[in-house]
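Asker: Got a structure for you, questions after.
Any read-out appearing in this document is the output of simple, stated calculations on the displayed coordinates, not a laboratory observation. Quick caveat: nothing in here was measured; it's all calculated off a predicted structure. Here the Cβ positions follow ideal geometry from the backbone for every residue, glycine too, while neighbour counts run over all protein chains shown.
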């Protein structure tokens, strides 16, 4: 995929759509307006920053990832 195609994808597709395509489902009960919790089995991803950032509360990686920086 070319760099300009990747940039266009980042601008038009929220990370929520990517998570749902990967089999994650929104946990409405555990979500708030500012932090949406997605689950897939025992995996949890929290989407923040108006859909532009996310983190894995159970993971050992950097605490917040930004959709703009995650696809290379």
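Asker: What is the spin-label model distance, in nm, from residue 5 to residue 40 if the labels are put 7 Å beyond Cα along the C-beta direction?
Answerer: Placing both labels 7 Å beyond Cα along the Cβ direction yields 2.2 nm.
Asker: Here's another thing I want to ask about it. Be a star and scan region 5-29 for residues whose amide nitrogen sits under 19 Å from the point 7 Å along the Cα-to-Cβ vector of residue 56.
Answerer: Of the residues in region 5-29, 15-27 have backbone N under 19 Å from the label point off residue 56.
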